[in-house]
Amino acid sequence: MNKFFMYHYYIITKLETIKIGYRRELYDRFMRQYPEMEISEQRIADQRRAIVTRGLLSKPWLEEIRAQVAETLKETNVNTDEETTQPTDANRESRSLENPQTAENPELDKIKIEFYKALKEFEGTDPTIRYQIPKQKCSRKLATIITTVNQEILPEYLKYNVTNFLELHNTI
């Protein structure tokens, strides 16, 4: 059971890169696997912490679980990247004909790629149960990225790809 906790904790947090908002998802997975057990969401979070702090699973076991999860995440990222880059490449070709300045801006292309990856990752998920975005430090780079997304990427995407309120809500 402890291996189950840690395996799914690493999957949900993407090897602890996203440590916010994992409890609900971990609880749901646990209840699907062990429906006969009555346990609270807080207890599941406490169990994960106990596994790590008390050493209920040895370090080699934890490293083995991390390696399995890393391989699983790498496989899913490769599949997602292949699916994501195909539409992006087609869009980029059509946009480069319309606006030659776009093809020469590598920063804009990087931001668009990240935008489309995020869209693919969260496609079909309920926006109310996604993990919270951590607070960002104000910087010129962040302001530039936000301005680029708001003024160049979102208007273009929303114009052609959003047909109902749910799609708009998921995009934003």
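Every read-out reported here was derived from the displayed coordinates using simple, explicitly stated rules and does not represent laboratory data. Everything numeric in this text was worked out from a predicted model, so none of it was measured.
Of interest is the spacing of the C-alpha centroids, which for the range 5-61 and the range 132-172 amounts to 32 Å.
Checking the table 112/159; 74/117; 59/120; 3/135; 3/117; 74/112 against a 25 Å threshold on Cα-Cα, which pairs fail? Pairs exceeding the cut-off: 59/120; 3/135; 3/117. Backbone geometry of the range 35-45 corresponds, through the Karplus equation with coefficients 6.51, -1.76 and 1.60 at θ = phi - 60°, to 3J(HN,Hα) couplings of x, 6, 8, 9, 9, 8, 4, 5, 5, 5, 5 Hz, x marking Gly and Pro.
Want the number for residue 15 to residue 32: 0.36 nm per residue separation, take away the alpha-carbon distance, what's left?
Details: separation 17, 0.36 × 17 = 6.12 nm, distance 2.16 nm.
Gain on stretching residue 15 to residue 32: 4.0 nm.
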